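K.L.:
Okay, handing you the structure first.
The values are calculated or read from the model by the stated rules, or taken from the named source; none is laboratory data. None of the values given here were measured: they were computed from a predicted structure. Using ideal geometry, Cβ is built from the backbone for each residue, glycine included, and neighbour counts are taken over all protein chains shown. Calculation scope for accessible area: heavy atoms of the full protein, side chains included, ligands and nucleic acids excluded. Shrake-Rupley method; radii C 1.70, N 1.55, O 1.52, S 1.80 Å.
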Amino acid sequence: MLMKWFNDKRAALIIMVVAMGMALVVPPSTTAGDIPTDPATLKRLVQEAHNKFKDMKEGKPADYIPELAKVPADLFGVAIVTAKGEIYTAGDVDYAFTIQSVSKPFTAAQVMQEQGSEAIMDKIGVEPTGQKFNSILATQVIPQVSVNPLVNSGAIAAVSMVKAKTADERFNKILDFEDRLSGAKLKVIEDVYKSEAATNQRNRAHGYILFASERIYSDPMEAVDVYTKQCSIGVTAKQLAVMGATLANDGVNPVTKERVIDARYVPKVLALMMMAGFYNESGKWAFTAGLPAKTGVGGGIVAVVPGKMAIVGFSPRVNDAGNSVRSAKAIEYIAEQLGANVFGSGH
Ligand code: DON
């Protein structure tokens, strides 16, 4: 009897020790390794990144959407939101700018929520192009036509897949999803929406090419219009960092605690961001920063350190690829200092 009690206890103890040992040596599969996340370090790094690049003038605000050229070019904000919901900021982090293409991975996530990740593979595609975000050529040489959900063509296709009976219902579902991701009540910046709607002939061409190829799933011009509105949603750097932190936190908004995206879709979203988030600069970005990220011509960039945090930059001056020069620099600096590269810290 005594022996049996002893053996049971010992077995339980061995199991506990082994389990504890495993917990000590095996990091959870979703974390990016052991990087500092203490308040002093993160507070210092956002400030340092802001100071280091605040005088940088490279690039210029996008002007193919006329209203975007009016955004003050010197605005610059840096924000980190951790997977625990702590917020660290420097500079213009409360200025609402248009989310533009940074919205694309989130709509892809919404489509996965409704229809599963296979639907993205089958009905859009997941291959990077090495071409610009609005490349017509890419849609002609890549058999899927829509290419992937992060270029304009695939993003328009993704919008067309959001289940709705009317354009308003489709847009409101997208806006509501972004509200839940950001924990805020976001709204369209109407002047930018009107300006893009009047000048988006190239995106309409994408809509018709998709239509002719049977790769769009609603009325094509309706999809282009809802997509244009989606791109015109205003976010601040801080709100965008909460959206990114929701991805870092396996789909649960760390501030509101609401689960917005199923955990199983988060790696899919991050994979898309890694492969195509910077368009024709995705290779360079992977090579230098090594983080899944998404850029927008409004000047925002969100990068995700899986399991840990989102790092956001906002600065309207973009380069030829449509990527914000200073935002990329600030994120790259913070990622390097933290050793946050998902391929290894290199430290
Ligand atoms: O469709 C467009 O051209 C814009 N609404 C979005 C493009 C964009 O943000 C490209 N990213 N850097």
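K.L.:
Multiply the residue separation of residue 47 and residue 84 by 0.36 nm, subtract the distance between their alpha-carbon atoms, and state the gained length in nm to one decimal.
P.N.:
Extending this stretch completely gives an extra 11.3 nm.
K.L.:
What ³J(HN,Hα) values, in whole Hz, does the Karplus curve 6.51 cos²θ - 1.76 cosθ + 1.60 give for segment 120-137 when θ = phi - 60°, with x put for Gly and Pro?
P.N.:
Each residue of segment 120-137 in turn: 5, 4, 6, 9, 10, x, 9, 8, x, 10, x, 10, 5, 5, 10, 5, 6, 3 Hz.
K.L.:
Residue 40 to residue 259: FRET efficiency via 1/(1 + (r/R0)^6), r the Cβ-Cβ distance, R0 30 Å, to the nearest 0.05?
P.N.:
That pair, residue 40 with residue 259, gives E of 0.45.
K.L.:
Rounded, prolate or oblate: which fits segment 152-210, taking a ≥ b ≥ c as square roots of the Cα gyration tensor eigenvalues, rounded meaning a/c under 1.5, else prolate when a/b beats b/c?
P.N.:
It is oblate, given that a/c is not under 1.5 and a/b is not larger than b/c.
K.L.:
I've got another one for you. Once you mark the GluC sites (Glu not before Pro) that are in a DSSP loop and have at most 14 other Cβ atoms within 10 Å, what is the longest gap between them in the chain?
P.N.:
59-213
K.L.:
Roughly to the nearest percent, how much of the accessible area of segment 199-242 is carbon and sulfur, given a 1.4 Å probe?
P.N.:
Carbon with sulfur: 50 percent of the solvent-accessible area.
K.L.:
Label point 7 Å out from residue 121 along Cα-to-Cβ: which residues of segment 260-284 have amide N under 17 Å?
P.N.:
The answer is 264-273, 275.
K.L.:
Another one. For the pair residue 284/residue 204, report the inter-label distance in nm, with labels modelled 7 Å from Cα in the Cβ direction.
P.N.:
A separation of 3.3 nm, rounded to one decimal place.
K.L.:
OK, next. Rounded, prolate or oblate, given the Cα gyration tensor of segment 67-120, with a/c below 1.5 counting as rounded?
P.N.:
Verdict is oblate for segment 67-120.
K.L.:
Taking 7 Å along the Cα-to-C-beta vector as the label spot, tell me the residue 64-residue 137 distance in nanometres, rounded to one decimal.
P.N.:
Using points 7 Å along Cα→Cβ, the separation is 1.3 nm.
K.L.:
Moving to a separate point now. Listed here are the pairs 57/284; 173/229; 165/229; which of them are more than 19 Å apart at the Cα?
P.N.:
57/284
K.L.:
Using a 1.4 Å probe, how large is the accessible area of residue 166, given in Å² and rounded to the nearest 10?
P.N.:
The accessible area comes out at roughly 70 Å².
K.L.:
Restricting to Cα pairs below 8 Å that are 6+ residues apart, what does the relative contact order work out to for segment 95-207? Please round to a whole percent.
P.N.:
Relative contact order of segment 95-207: 26 percent.
K.L.:
Related question: Could you state the accessible area per residue of the chain in Å², with a 1.4 Å probe and every protein chain left in place?
P.N.:
With the other protein chains kept in place, the chain gives 43 Å² per residue.
K.L.:
Please identify, among 157, 286, 119, the residue showing maximal mean-square fluctuation in a Gaussian network model of the chain using a 10 angstrom Cα cutoff.
P.N.:
119
K.L.:
Can you list the lysines whose alpha carbon sits under 19 Å from that of residue 308, skipping same-chain ones fewer than 8 residues off?
P.N.:
43, 84, 238, 257, 268, 294
K.L.:
Here's a follow-up. Just tell me, in residue order, which DSSP H segments of the chain are both 24 angstrom or longer along the helix axis (alpha-carbon based) and at least 0.5 in mean Kyte-Doolittle hydropathy.
P.N.:
2-25
K.L.:
Continuing with this model, one more query. Provide the packing ranking of 146-152, 311-317, i.e. peptides ordered by the mean count of other C-beta atoms within 10 Å per residue, highest first.
P.N.:
311-317, 146-152
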